[in-house]
Amino acid sequence: GAGESSLFLLWWDLILLRVGLTGGIASGKTTVSKLLIKNGIPVIDSDIIARDLVKPGTEALSEIVVALGADVLALDGSLDRGRVGEGVFGDESSRLALENILPPRIKVEQDRWLDARESEGESSVAVVDAALMIESGGWRRFDLLVVVACCEEEQLARTLSRGGLSEEAVRARIASQIPLADKVKYADRVVDNSGTLDELTKEVEALVAWLLEKARE
Ligand code: ATP
């Protein structure tokens, strides 16, 4: 009856456009996320999800200690992410063990966050920022995928200017990820971050207009 169809329309109105945002090391995901938020689009940073998941006392942290050894703990009992990176880097069995612990839980939390945005209904679009969603296959769950890209030399320069890693270490990390030139092939839209921050701001404004248009379709 009429009641049922208006209920259907109400439900239809509230469908959320679920967008994945990815890229490579220092390609500009965090910068793009901040610009999206400024433009009123909710964004969740999966790195923050991951940090919360491994807080002292969590199930994920105990599983990581069992898999990688107590060396990955800092003196205060928190996870030393640098040591995890070193332990996993170049060690296939540790890497696989970690992949079974964190990514599945991260996906659950991303979906929970998206569901919450959908029931809240304040935005027609919500964005999940995650560095490795193409590598993990997680990108397939999203309605649209946005890739932030720049050239490898810019990735290198931007990572080095953040400090903490040698050029060799940065090059090894870049080499361990799927190259950006290949990631863009998965993208419904590429944000080019090889220019200035002003140019990026304009790119993101165009992205927002495009996303809102897609959400109306
Ligand atoms: P990661 O996943 O490695 O943490 P990311 O993809 O989130 O990196 P950002 O943190 O946004 O990348 O950018 C990396 C660094 O490069 C930051 O210090 C940022 O301020 C700087 N940066 C990003 N885009 C530009 C740009 N267009 N011009 C100059 N600096 C930039």
ASP52 vs. criteria at pLDDT 95 or above, under 27 Å from GLY163 (Cα atoms) and surrounded by fewer than 17 Cβ atoms within 10 Å (Cβ to Cβ)
yes
Check ARG171, ARG112 and return the single one that is at pLDDT below 95 and either over 23 Å from ALA26 (Cβ atoms) or away from the ligand (no atom under 13 Å from the Cβ) (or both).
ARG171
Quick one: in the stretch 72-91, of everything that is among the charged types (D, E, K, R) and surrounded by fewer than 14 Cβ atoms within 10 Å (Cβ to Cβ), which residue is farthest from LEU102 (Cα to Cα)?
ASP76
Based on this model, can you work out whether ARG171 counts as surrounded by fewer than 12 Cβ atoms within 10 Å (Cβ to Cβ) and either of a type in the set (D, E, K, R) or without any contact (Cβ under 8 Å) to a residue 60 or more places away in the chain (or both)?
no
Those residues of the stretch 124-165 which are surrounded by fewer than 17 Cβ atoms within 10 Å (Cβ to Cβ), away from the ligand (no atom under 16 Å from the Cβ) and among the polar types (S, T, N, Q) amount to none
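The values are calculated or read from the model by the stated rules, or taken from the named source; none is laboratory data. Model, not experiment: these values are computed from the prediction. Backbone-built Cβ (ideal geometry, glycine too); neighbour counts: all protein chains shown.
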